[in-house]
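Step one of this worksheet: look at the structure below.
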Amino acid sequence: MHASQPNITRQVRFLQVYSLALTLIVALMAWHVFFRPVTHVRELNAERINILEKDGTLRLVISNRERQHPGIVDGKTLPPRDRGAGFMFFNDEGDECGGFVYSGEKGASDMGFSLDQYANDQILQLQYGDEVRDGAHKRHYGLKMWDRNDEMTTGRLMKIIDSLKALNDTALINTTIARMRAEGLIGPERLFVGKTDNRSVGLFLRDDRGRPRLTIGLDSLNNVIFNTYDSAGNAVPLRAGG
């Protein structure tokens, strides 16, 4: 019985040393994670960077074109789609709420910075587009503004369109979407300030159904433009004295 006492003593000392060493290792790891100096990186190469909240909620994606996020609506990630490289912003609930995307090559380029209405599509956008179409060089850029129907959210609109597509009736799809636009259910463009494809520069206003109502600007020959329109799109002559 007494002969085994040294072995027990050695085992206890080994466990004490092992425990102390393990404690030191854990302490060093904790210091490395929580108290280490911030690393300064001069250059970082990446195809995509995700910025998250502590709970994992996605807030910002910086990505190339191939790995660009398709978007999130009502907490559901959309199917893969072609989107330009750039930044995608996500709100506190994780849904997409705007971004800056860009693409460009010889003969065609496009850039846009969009701000989305909550649970809906963009309401403000700085936009630039440049392309060759029908044998002519077309270029436009400026500020656009839309109205969005509070009841017709992006999620609801997507469900309606998906239901229409399931019917495999192109005519019905086009008719329904046209009617929704005419009723103002699909957000109409209300304002554009900038340069159009026909090289006119000015202010272009539409009513709450997306119909042109007022144009003030200059055409490509520097002639003054001041046009008003009725609800049917017909020009309304200006009357002297108002």
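The values are calculated or read from the model by the stated rules, or taken from the named source; none is laboratory data. Everything numeric here is computed off the predicted structure, so don't read it as measured data. With ideal geometry, Cβ positions are generated from the backbone for all residues, glycine too; neighbour counts draw on all protein chains shown.
Scanning region 90-121 for residues that are surrounded by 15 or more Cβ atoms within 10 Å (Cβ to Cβ) and in contact with a Leu (Cβ under 6 Å, 6 or more places away or on another chain), we see that the one that is farthest from Glu189 (Cα to Cα) is Gly94.
From the list Met152, Met158, the one residue that fits, being touching a Leu at 6+ places or on another chain (Cβ under 6 Å) and surrounded by 14 or more Cβ atoms within 10 Å (Cβ to Cβ), is Met152. Within region 16-63, the set of residues being in contact with a Lys or Arg (Cβ under 8 Å, 6 or more places away or on another chain) and either loosely packed, with under 11 Cβ neighbours inside 10 Å or over 19 Å from Cys97 (Cα atoms) (or both) comprises Glu47 only. Hey, among the residues in region 175-232 that are out of contact with any Phe, Trp or Tyr (no Cβ under 7 Å at 6 or more places or on another chain) and aromatic (Phe, Trp, Tyr), which one's surrounded by the fewest Cβ atoms within 10 Å (Cβ to Cβ)? Residue satisfying both the conditions and the ranking: Phe226. In this structure, is Leu172 under 25 Å from Gly129 (Cβ atoms), in a helix (DSSP H, G or I) and either modelled with pLDDT under 90 or not β-branched (Val, Ile, Thr) (or both)? In short, no. In this structure, Met158 qualifies as among the hydrophobic types (A, V, I, L, M, F, W, C) and touching a residue at least 60 places away in the same chain (Cβ under 8 Å). For region 206-226, the set of residues classified as of a type outside the set (Val, Ile, Thr) and not in a loop (DSSP other than H, G, I, E, B) consists of Arg206, Pro212, Arg213, Leu214, Gly217, Leu218, Phe226, listed by residue number.
I'm checking my understanding of the structure. Among residues of region 70-89 that are part of a loop (DSSP other than H, G, I, E, B) and in contact with a Leu (Cβ under 8 Å, 6 or more places away or on another chain), which one is farthest from Asp121 (Cα to Cα)? Here the residue is Pro70.
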